[in-house]
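First comes the structure, then the notes that go with it.
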Amino acid sequence: MRRVALLLVVSLVLFVVVGCESTEEDKPTYDELIGFGKKYLEQQDAVAAAEAFEAALKLRPDGVDAKYGLFLANIMQVTNLFSNLLDLIDEAEGLDTFGTSDQPFGTYLQEFLQKVLEPKLTRNEELFLELASEEELLFTLDSYKLVIGEDVLFDWHGRFKQPELHLLGAVNALILAIDHMANSYYLDFDPTKIEEMPPLSDDLFETAGALLEFIEDLMNDSHYPHFLELKGDEGAVRMPAAGLLLGAAWFRIIESFELASSQEGDRLDDPITYKDLNGNGTRDPEEPLIIHGVPLIAELLGSINELPPDQIGEDAELEGQLVELLEDLLSVFGAAFLDTSPYDIFPEESNPITLADLQPLLVYFGILPFPLPFMDRFGVEPGPFFYSPETDGMRELIRELIRAYDFLDLLHDLGLF
């Protein structure tokens with residue numbers, strides 16, 4: 001009997017050892033994990049894609065494909081989480097569910113950002129810096145779609161290279177900057193006591209006015225004396241981080257345009273490309289830049305240009321002059337958001353953003369008939385706001401924006417745009 005028992009134990013041990021060895025041999029390789037991750041991305045299963053690329057990085061820590069795949073998967077996870085949050089609010093028919101005394105709305109939002117979104121966005125900043133230093137960067141996908149609610153932000157396919165990395169890197173930096181800002185101030189208020197939530201419409205100008213009025217009412221409400229006040233040490237740390245991210249974001253968009261303009265050879269599968277009208281293999285200043293699969297931007301440009309709906313597709317075609325105007329404006333934004341920081345581009349002078357900086361773009365789109373005088377008197381200096389944050393700084397910024405909006409509203413009523 002003992003001999004039988006011994007044989008059973010030995011057999012069990014051999015089974016376990018052989019089984020373990022078999023499992024090790026059956027583990028997927030780096031290339032197989034990259035393939036799995038790409039398939040998951042194409043199916044919009046961002047969580048599974050991220051897990052596959054993380055596993056690939058464990059096998060090859062310097063794997064460029066694994067880094068790019070994880071970067072794309074993390075952004076998709078963030079947009080998917082935003083969609084889930086919007087669905088939750090929609091199912092609750094507003095913000096009332098989050099307005100309880102146990103968990104005020106602002107606290108709920110800040111915890112969601114810190115615990116769920118911030119780690120992915122922070123990791124992506126690390127990945128962006130590593131990938132941006134790669135001279136040869138190529139990651140192919142049959143489909144990559146970013147969606148928030150019912151709105152498609154990007155619907156790309158083909159060859160993802162440096163231009164796509166920089167544009168998505170700008171998106172990542174903007175979201176992470178908003179995260180830092182949202183966690184820098186007191187945001188708690190009770191939605192159940194708000195008589196009327198701000199009405200939203202397709203008119204962006206009217207929507208902006210409604211939101212500013214809603215925020216102003218909260219700032220003046222005696223029930224919320226600390227609404228939008230700086231949160232002490234946490235705010236003092238997060239605000240400079242937000243400023244650096246915003247400054248970087250504008251320059252990343254410019255870099256995306258510049259990198260796409262210098263691409264040579266076959267570019268048909270590039271999400272960001274250009275029309276080579278003279279066939280010289282590079283984008284000249286007068287030639288259009290094209291961003292494929294961005295229906296919201298295409299629709300915005302189409303509506304501004306008063307195109308019929310059936311002529312508006314999903315690709316944004318930016319005329320050469322428009323690209324130049326955007327790059328000029330974004331460079332002003334970049335310098336302004338880095339003003340007084342350790343990376344100040346023009347440390348000998350202040351770098352505000354004024355309405356005069358926006359005029360060339362407003363005239364280009366026909367929103368203003370011609371440049372107006374005194375527009376340089378209305379502006380903001382974001383640098384000190386981020387790098388020397390004050391307790392009431394956000395409130396003052398909101399008041400400045402309200403004054404600028406009121407001035408534009410007056411021009412609107414006069415029929416100037």
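Read the figures in this text as sums done on the coordinates, not as results from a lab. Since the structure is predicted, the reported quantities are computational estimates derived from the model, not experimental observations. Positions of Cβ are generated from backbone atoms using ideal geometry, with glycine treated the same way; all protein chains shown enter the neighbour counts.
A cut-off of 5 Å between modelled amide H atoms, ignoring neighbours fewer than 5 places along the same chain, links Val147 with Leu153. Centre-to-centre separation between the Cα atoms of the range 346-373 and those of the range 100-160: 31 Å.
Listed by Cβ neighbour count within 10 Å, with the fewest neighbours leading, Phe71, Phe346 appear as Phe346, Phe71.
Among Lys38, Lys231, Lys27, sorting on how many other beta-carbon atoms sit within 10 Å of each Cβ, with the fewest leading, yields Lys27, Lys231, Lys38. Checked against a 24 Å cut-off, the cross-linked pairs Lys27/Lys145; Lys39/Lys275; Lys38/Lys120; Lys67/Lys120; Lys38/Lys115; Lys38/Lys161 give Cα-Cα distances beyond that limit for Lys27/Lys145; Lys39/Lys275; Lys38/Lys115.
Taking all Cα-Cα distances within the range 262-342, those exceeding 21 Å account for 42%. Compactness of the range 217-273 is given as radius of gyration and Dmax, 20.8, 63 Å, from Cα positions. Percentage of Cα-Cα pair distances in the range 24-413 greater than 34 Å, rounded to whole percent? Of all Cα-Cα pairs in the range 24-413, 34 percent lie more than 34 Å apart. How much FRET efficiency would the formula 1/(1 + (r/R0)^6) give for Leu372 and Glu32, where r is the Cβ-Cβ distance and R0 is 60 Å, rounded to 0.05? Computed FRET efficiency for Leu372 and Glu32 comes out at 0.50.
Ordering Tyr68, Tyr343, Tyr108 from the fewest to the most neighbouring beta carbons within 10 Å gives Tyr343, Tyr108, Tyr68. Scalar couplings 3J(HN,Hα) for the range 135-150, obtained by applying the Karplus form with A = 6.51, B = -1.76, C = 1.60 to θ = phi - 60°, are 6, 9, 10, 8, 9, 9, 9, 7, 7, 9, 10, 10, 10, 10, x, 9 Hz; x denotes Gly and Pro. Going 7 Å from the Cα of Gln43 along its beta-carbon direction, which residues of the range 117-158 have the amide nitrogen within less than 20 Å of the resulting point? Only 140-147, 156-158 pass the distance filter.
Compared with the direct C-alpha span, the chain from Glu213 to Glu314 gains 33.0 nm at full extension, assuming 0.36 nm per residue.
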